[in-house]
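**Student:** Before I ask anything, let me first share the structure, which is written out below as structure tokens.
The values are calculated or read from the model by the stated rules, or taken from the named source; none is laboratory data. None of the values given here were measured: they were computed from a predicted structure. Here the Cβ is made from the backbone with ideal geometry for all residues, glycine too, and neighbour counts use every protein chain on show. Please note that ligands, DNA and RNA were not included when accessible areas were found on the heavy atoms of the full protein model with its side chains. Shrake-Rupley method; radii C 1.70, N 1.55, O 1.52, S 1.80 Å.
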Amino acid sequence: MGSDSVAIVQGANTPTRSNDTEYPFRQNSDFWYLTGFEHPGATAVFRTTGEAPAYTLFVQPRDKAAQTWTGYRPGVEGATADYGADAAHGCEELLEKLPELLGGASRIYHSLGRRADTDQRLCEIQEDLRLRSRQGVQPASELLDPRTILHEMRLTKCNAELDIMRRAADISREAHFETARMMAPGRYEYELEATLGYVFRRRGGAGPAYGSIVAGGASAAVLHYVSNDRPLVDGELVLIDAGVELEGYASDVTRTYPVNGHFEGVRGAIYDTVLTAQRAALLAVRPGATLPAIHDLTVRHLVEGMLELGLMQGEADELIEKEAYKRYYMHGTSHWLGLDVHDVGSYMDGEKPRDLAPGMVLTVEPGIYVRADDEEAPEALRGIGVRIEDDVVVTADGCENLTRAIPKDPADVEAWMRDEGA
Ligand code: GLY
Ligand code: MN
Ligand code: MN
């Protein structure tokens, strides 16, 4: 932050779901990262002005009636005793206490646009200081977004974070296993979704890190299919993109399973193409590599595979140049992963794609998607979607695949589905 600075970081509230019921609370990722405080309506103020308190929390106060209805609140007492704040106040005091905490700091870090009352108060305080400048006070000369710093911090995971992400990967493994072994023609997608959610919670996770996708047959070509309401069909594939959220951290795993337990025919061939591309991409993850380079390599493998499959015709170079492959592979190969499933942190280093460095966590998730109504595709290949997605952390000389224990070799997947080895 630099010296003589104050940062205001605000937590999440609980949005209404319908009438007077609320969505389950989920803390703002930045706020969680800094404070570990898991209750709604809180604000943290950090100061490097040299004056105490350096760290102030504003939290919902303890309130017997509210606690009877909605449960424990750490309150002002808990904020200092259990969360390490130097000082704490009720959240209703934030606007009143802000002038004192901002003091004459020359730099303020605050994310505009999240809470109108705080934004407006900040403007009032600065304007008031400007009007009183003849008395020797001055408004801050810089207003910066704390996310610039925070998101760089969040991009590189420390060991404690990686331990959570490894445990999350193991829970996702168990959820995929329980789901794979119950798979059969006639089962509904939502039955598999329920099993995923059951294991996530049974193992202490918050639930799915994002809406679980269970997409049988042609639905797998719909990238964000979440209705999960159709029966599985013998001879088709089912794409399952599901991972747990554990202690705030997401895992993000896709496997594509044969509904009847056997990879066969064109579906097996498309699967092999995606797996070859995914393995090549994983081998390319190391310090100094870039996401666009890994994506290009993945595209090259996919295009060569698509030519062999007869999905496209022509020269690989030209199909790549003209981006013709986007008809069947329309998303990126990787994204950052962490507290958010599409995690924060810049993808660029100035004008250039940034180099991967140890501690960064990313997904590797190529796929091929042929829509059922795609009249350019050979009929036999229509209505098929395959994606294979792992989560990896960049290490000193390569990467550690956090989700490697979830099988993806066809023979291993088939064995898993026969219930051989969890
Ligand atoms: N599950 C979302 C994604 O793979 O990016
Ligand atoms: Mn995914
Ligand atoms: Mn992903």
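**Student:** Quick check on Val341: is it within 16 Å of ligand 1 (Cβ to nearest atom), of a type outside the set (Asp, Glu), assigned to a loop (DSSP other than H, G, I, E, B) and crowded, with 17+ Cβ neighbours inside 10 Å?
**Tutor:** Values: within 16 Å of ligand 1 (Cβ to nearest atom): yes; of a type outside the set (Asp, Glu): yes; assigned to a loop (DSSP other than H, G, I, E, B): yes; crowded, with 17+ Cβ neighbours inside 10 Å: yes.
Spelling it out, Val341 is indeed within 16 Å of ligand 1 (Cβ to nearest atom), of a type outside the set (Asp, Glu), assigned to a loop (DSSP other than H, G, I, E, B) and crowded, with 17+ Cβ neighbours inside 10 Å.
**Student:** Okay, next question. Any chance you could count how many residues in the stretch 390-422 are part of a strand (DSSP E or B) and out of contact with any Ser or Thr (no Cβ under 7 Å at 6 or more places or on another chain)?
**Tutor:** Within the stretch 390-422, residues that are part of a strand (DSSP E or B) and out of contact with any Ser or Thr (no Cβ under 7 Å at 6 or more places or on another chain) number 6.
**Student:** Also, I was wondering about something else. If I go through the stretch 307-338 residue by residue, how many of them are over 19 Å from His295 (Cβ atoms) and either open to solvent by 90 Å² or more (accessible area, probe 1.4 Å) or not in a loop (DSSP other than H, G, I, E, B) (or both)?
**Tutor:** Qualifying residue count for the region: 4.
**Student:** If the requirement is being within 24 Å of Arg354 (Cα to Cα), aliphatic (A, V, I, L, M) and surrounded by fewer than 18 Cβ atoms within 10 Å (Cβ to Cβ), which of these qualifies: Met153, Met165, Met182?
**Tutor:** Answer to the check: Met153.
**Student:** Now a separate question. Right, Ala160: in a loop (DSSP other than H, G, I, E, B) and open to solvent by less than 70 Å² (accessible area, probe 1.4 Å) or not? Please lay out each step first, then the result.
**Tutor:** On the way: in a loop (DSSP other than H, G, I, E, B): no; open to solvent by less than 70 Å² (accessible area, probe 1.4 Å): yes.
Answer is no for this residue.
**Student:** Are any residues in the stretch 45-84 more than 23 Å from Ala7 (Cβ to Cβ), in a loop (DSSP other than H, G, I, E, B) and open to solvent by 50 Å² or more (accessible area, probe 1.4 Å), and if so, which ones?
**Tutor:** Arg62, Asp63, Tyr72
**Student:** A follow-up question, please. Of everything in the stretch 96-112, what is surrounded by fewer than 17 Cβ atoms within 10 Å (Cβ to Cβ) and either more than 35 Å from the chain's Cα centre (by Cα) or closer than 22 Å to Phe37 by Cα (or both)? Give them in sequence order.
**Tutor:** Glu96, Lys97, Pro99, Glu100, Gly103, Gly104, Leu112
**Student:** Consider Ala269 carefully, then state whether it is closer than 26 Å to Tyr347 by Cβ, part of a helix (DSSP H, G or I) and open to solvent by less than 50 Å² (accessible area, probe 1.4 Å).
**Tutor:** For Ala269, the condition - closer than 26 Å to Tyr347 by Cβ, part of a helix (DSSP H, G or I) and open to solvent by less than 50 Å² (accessible area, probe 1.4 Å) - is not met.
**Student:** Quick one: which residue in Asn19, Asn28 is more than 30 Å from Gly2 (Cα to Cα) and either crowded, with 18+ Cβ neighbours inside 10 Å or not basic (Lys, Arg) (or both)?
**Tutor:** From the options Asn19, Asn28, the qualifying one is Asn19.
**Student:** Has the stretch 336-347 got any residue that is over 18 Å from the mean Cα position of the chain (by Cα) and away from ligand 2 (no atom under 16 Å from the Cβ)?
**Tutor:** Within the stretch 336-347, none of the residues are over 18 Å from the mean Cα position of the chain (by Cα) and away from ligand 2 (no atom under 16 Å from the Cβ).
**Student:** From (1) acidic (Asp, Glu); (2) farther than 19 Å from Ile384 by Cα; (3) in contact with a Ser or Thr (Cβ under 8 Å, 6 or more places away or on another chain), pick out the condition that doesn't hold for Glu308.
**Tutor:** (2)
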